[in-house]
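K.L.:
Okay, here's the structure, questions in a sec.
The values are calculated or read from the model by the stated rules, or taken from the named source; none is laboratory data. The structure displayed is predicted, hence computed values, not measured ones. Quick reminder, even Gly has a Cβ in these numbers, built from the backbone with ideal geometry, and neighbours come from all protein chains shown. With ligands, DNA and RNA removed, areas are computed over all heavy atoms of the protein, side chains included. Shrake-Rupley method; radii C 1.70, N 1.55, O 1.52, S 1.80 Å.
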Amino acid sequence: MKLCMIGTGYVGLVSGVCFADLGNNVICVDKDTKKIDLLLKGKIPIYEPGLSELVNKNYRNKRLKFSTNLKKSIIESDIIFICVGTPTKKSGSSADLSQIFNAAKEISLSINKFKIVVTKSTVPVTTGDQIEKILRKKNSSKKFSVVSNPEFLREGEAIRDFTYPDRIVVGSNDKKSNRLMHSLYAPLISKGAQYINTSRRAAELIKYASNAFLATKITFINEIANLCENTGINVEDISIGMGLDKRIGGRFLRAGPAYGGSCFPKDTKAITSTADKFKTNLSVIKSVIRSNESRSNLLLNKIYKILNNKVKNKKITFLGVTFKANTDDMRDSASLSMIPALSKKGAKIRYFDPTGYKKEFSKLKNVQNFENIKDSVQNTDLVIIHTEWNDFKSINFKNLVKGKKFTIYDMRNIYSPSKIRKQGFRYFSIGR
Ligand code: UDX
């Protein structure tokens, strides 16, 4: 099939290249000429394991194209995926849909034959209805169908998540578009992926409800971890004990810093704001947002306690600063609130991240980037393991530093407390 992906951000680029790999002809379009120029040179603007190889393979075999010409790309395609950003509005907590509606207006001017217009971006319930209205202004409703097909890709695991999805959700209000979408996904369905067809509004809500539920699960275990710390219990025993109940499931029960990233913080806010508009109070999700927003402060207080409230001039090393491992994404990372707070109190921050220097800290006093773990921990007072990269999972701390021993605050519970303490290090973790 001939596909057009509008927006070459995370969602558009990953799904575009994966669709090309399944044998479709895909044009990825973006207004950002710099991004398209990079992609045309075989360079990938984001860090995602395996993406570069897949882009280059499909670009070489000509199934994948990059363009800034939206009109031409729409005319040449059968299915158009809207994959633009839906960030939180500058004021308030609802989603800013301006990029979605701009894309819909552009599409409405170039419908030359029947097209399926699919929203892959995360959009509030009834956005599909509004897109349909925009398209109908310039076109007969027989010429198009608006479908919701949310993506559930995790950064760092995106290609695997696309290829082996738990489910494919397609929300359509007519049989023709459902049939075509089903055949687009046939190669994944034949390998066992569950395909569910719902109303368009239901598909829009499935995405938000799923992300809000996962955010709730993480926040729940984070609060249980707080209780474990005060009662001498290991939170990992709780996660295993709860997770073995098939109704609960063991995934997303890892306690840690506040959840971050491009989806959970934004989507939890957007779903409560949409619900408010429909006079529905999603009080559970509202309290999840509050709890998560206060989590970085809670962990900061623990850091102050570890340092006996003497933060000034203390050398603190962060191992990993992104919102989680296997990504270079800093969006809503807990480090963005913890590092400035510590720097303000006079601490000397060093950090090492496998994805390198971060411009987010460039204006802060006393924050220094290091190229490797060893240099970043020399003469340090406290090492904070902030993300769970494999690079941090088998560090021989004893061999790293000769002499002066530092304290370790392992926010991802990577190490065994007894083994690290046996090596003579003070060691703290989360909920144990
Ligand atoms: C998420 C959803 O998982 C994905 O389906 C959706 O399409 C986009 O949003 P992503 O943001 O890439 O994906 O990351 P994810 O792996 O879900 O982690 C989100 C946050 O939760 C991270 O900060 C992570 O560290 C945290 N997390 C996750 C935990 O603290 N504990 C867990 O057990 C799992």
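K.L.:
Could you check how much of the accessible area of segment 344-401 is carbon and sulfur, as a whole percent, using a 1.4 Å probe?
P.N.:
That fraction is 44 percent.
K.L.:
Under a no-solvent Debye model with one identical scatterer per Cα of segment 2-198, what's log10 I(q)/I(0) at q = 0.12, 0.15 Å⁻¹?
P.N.:
For segment 2-198, the Cα-only Debye profile gives -0.56, -0.90.
K.L.:
Tell me the chymotrypsin sites (Phe, Trp or Tyr not before Pro) within segment 308-359 that lie in a loop according to DSSP and have at most 16 other beta-carbon atoms within 10 Å.
P.N.:
Taking segment 308-359 and a limit of 16 other Cβ atoms within 10 Å, the loop chymotrypsin sites (Phe, Trp or Tyr not before Pro) found are Y357.
K.L.:
So, in nm, how far is label K138 from label S416 when the simple model puts each one 7 Å beyond its Cα toward the Cβ?
P.N.:
6.5
K.L.:
Between Rg and the Kirkwood Rh of segment 295-429, both from Cα atoms, what is the Rg to Rh ratio?
P.N.:
Reported Rg/Rh (Cα atoms, Kirkwood Rh): 0.92.
K.L.:
Right, something else. Can you tell me, using C-alpha contacts under 8 Å and at least 6 residues apart, the relative contact order of the chain as a whole percent?
P.N.:
Relative contact order here is 12 percent.
K.L.:
Taking the solvent-accessible surface of protein heavy atoms with a 1.4 Å probe, what is the per residue accessible area of the chain in Å²?
P.N.:
So the chain comes to 47 Å² accessible per residue, rounded to a whole number.
K.L.:
Cα atoms only: what Rg and Dmax, in Å, come out for segment 1-92?
P.N.:
According to the Cα coordinates of segment 1-92, Rg and Dmax are 12.9, 46 Å.
K.L.:
In nm, to one decimal, how far is the I248 label point from the L227 one, both placed 7 Å along Cα→Cβ?
P.N.:
So the two model labels end up 1.0 nm from each other.
K.L.:
List the trypsin sites (Lys or Arg not before Pro) within segment 279-343 that DSSP assigns to loop and that have no more than 10 neighbouring Cβ atoms inside 10 Å.
P.N.:
Answer by residue number: K279, K312.
K.L.:
In terms of solvent-accessible area of protein heavy atoms at a 1.4 angstrom probe, what is the ranking of C263, C28, highest value first?
P.N.:
If we order C263, C28 from most to least accessible, we get C263, C28.
K.L.:
So if I average 1/r over every pair of distinct C-alpha atoms in segment 177-280 and take the inverse, what Kirkwood radius in Å does that give?
P.N.:
Radius from the Kirkwood sum: 16.5 Å.
K.L.:
Can you tell me the length gained on complete extension of the stretch R154 to K175, counting 0.36 nm per residue apart and subtracting the Cα distance?
P.N.:
Extra length available between R154 and K175 comes to 4.6 nm.
K.L.:
Follow-up. Could you pull out the trypsin sites (Lys or Arg not before Pro) across segment 382-428 that fall in loop regions by DSSP (anything but H, G, I, E, B) with no more than 10 other Cβ atoms inside 10 Å?
P.N.:
Answer in residue order: K402, K404.
K.L.:
Could I ask something else about it? Can you bin every Cα-Cα distance in the chain into 10 Å intervals starting at zero and give me the percent of pairs per bin, rounded to whole numbers?
P.N.:
With a bin width of 10 Å, the distribution comes to 4, 20, 28, 24, 16, 7, 2, 0.
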